[in-house]
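The values are calculated or read from the model by the stated rules, or taken from the named source; none is laboratory data. Since we're looking at a predicted model, the values are computed, not measured. Using ideal geometry, Cβ is built from the backbone for each residue, glycine included, and neighbour counts are taken over all protein chains shown. Accessible surface areas use protein heavy atoms only, side chains included; no ligands, DNA or RNA. Shrake-Rupley method; radii C 1.70, N 1.55, O 1.52, S 1.80 Å.
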Amino acid sequence: MHKWHQASKKNVVIIMQTIKEIEEEIIKDFKLFSDWTQKYEYLIDLGKELLPIKKEHKIDANLIKGCQSRVWLHANQKNGKIIFSADSDAIMTKGIIALLIRVLSEKKPEEIAGCNLSFIDEIGLKEQLSATRANGLVSMIKQMKLYALVIKMKNEK
């Protein structure tokens, strides 16, 4: 997803960002906007850019409980890292899950399970959401961490 590429004639070096580095990047992004109307527009744009979830993953079993909107979340493990995909029937919620995917996708299960996602408080996101949307945000984070814990446990067997 968000990788830095350095190309040379013979090879390409890909450096993956840490969760903390991505969080710092998001904080800087949000500081570019002077008010929450612009920040909401940015979240909506992120939702529009979110890659679609595969049709076979857009099922009731993948719906996140506790969200006002319908949010489907799927996790897959590849090369020891978790790849998330998601969709929502509400564009703002889709933007929020896109933001979480930007931070947590392509990370190791133990990194996801142990992160605190401090950027959410630093950008003031929870305070700007309705109570039901804020609860939905918490539910999305819990589900992503739960997937990480389950995959971590399976890997340890």
Legend entry - Environment charge at Asn62 (Cβ cut-off 15 Å; Lys +1, Arg +1, Asp -1, Glu -1): +3
Legend entry - Highest-MSF residue in the chain out of Val103, Val71, Val138 [GNM, Cα springs under 10 Å]: Val138
Inset, instruction - Provide the per-residue ³J(HN,Hα) series for the stretch 135-141, in order, calculated from phi with Karplus coefficients 6.51, -1.76, 1.60 and θ = phi - 60°, each as a whole number of Hz, with x at glycine and proline positions. - result: 5, x, 4, 4, 5, 4, 5
Legend entry - Neighbourhood net charge (15 Å Cβ-Cβ; Lys/Arg +1, Asp/Glu -1) for Asp35: -1
Legend entry - Of Lys55, Lys65, Lys39, the one that fluctuates the most in a GNM where the chain has Cα springs shorter than 10 Å: Lys55
Inset, instruction - Whole number in Å², please: accessible area per residue of the chain, 1.4 Å probe, ligands, DNA and RNA not counted. - result: 59
Legend entry - Derived scalar couplings ³J(HN,Hα) [the stretch 33-49; Karplus, 6.51 cos²θ - 1.76 cosθ + 1.60; whole Hz; x for Gly, Pro]: 9, 7, 9, 6, 4, 5, 5, 4, 4, 4, 4, 4, 4, 4, x, 5, 8
Inset, instruction - Over the stretch 13-111, calculate the relative contact order: mean separation of alpha carbon pairs under 8 Å at least 6 apart, over the residue count, as a percent. - result: 29
Legend entry - Amide H partners (placed H, <5 Å) of Glu106, local residues excluded: Ile82, Ile83, Phe84
Legend entry - Whole-number Å³ per residue for the convex hull built on Cα positions in the chain: 132
Legend entry - Förster radius 41 Å - calculated FRET efficiency between Leu149 and Glu127 (Cβ-Cβ, nearest 0.05): 0.90
Inset, instruction - Put one equal scatterer on each alpha carbon of the stretch 46-113, apply the Debye formula with no solvent term, and list log10 I(q)/I(0) at q = 0.12, 0.13 1/Å to two decimals. - result: -0.29, -0.34
Legend entry - Phi to ³J(HN,Hα) by Karplus 6.51 cos²θ - 1.76 cosθ + 1.60 over the stretch 108-122, Hz, x for Gly, Pro: 6, x, 5, 5, 5, 4, x, 7, 10, 6, 5, 4, 4, 6, 5
Inset, instruction - Pop the C-beta distance of Glu56 and Ala134 into the FRET formula with R0 = 30 Å and round what comes out to the nearest 0.05. - result: 0.45
Legend entry - Proximal charge balance of Lys81 [Cβ under 10 Å; K/R count +1, D/E count -1]: +1
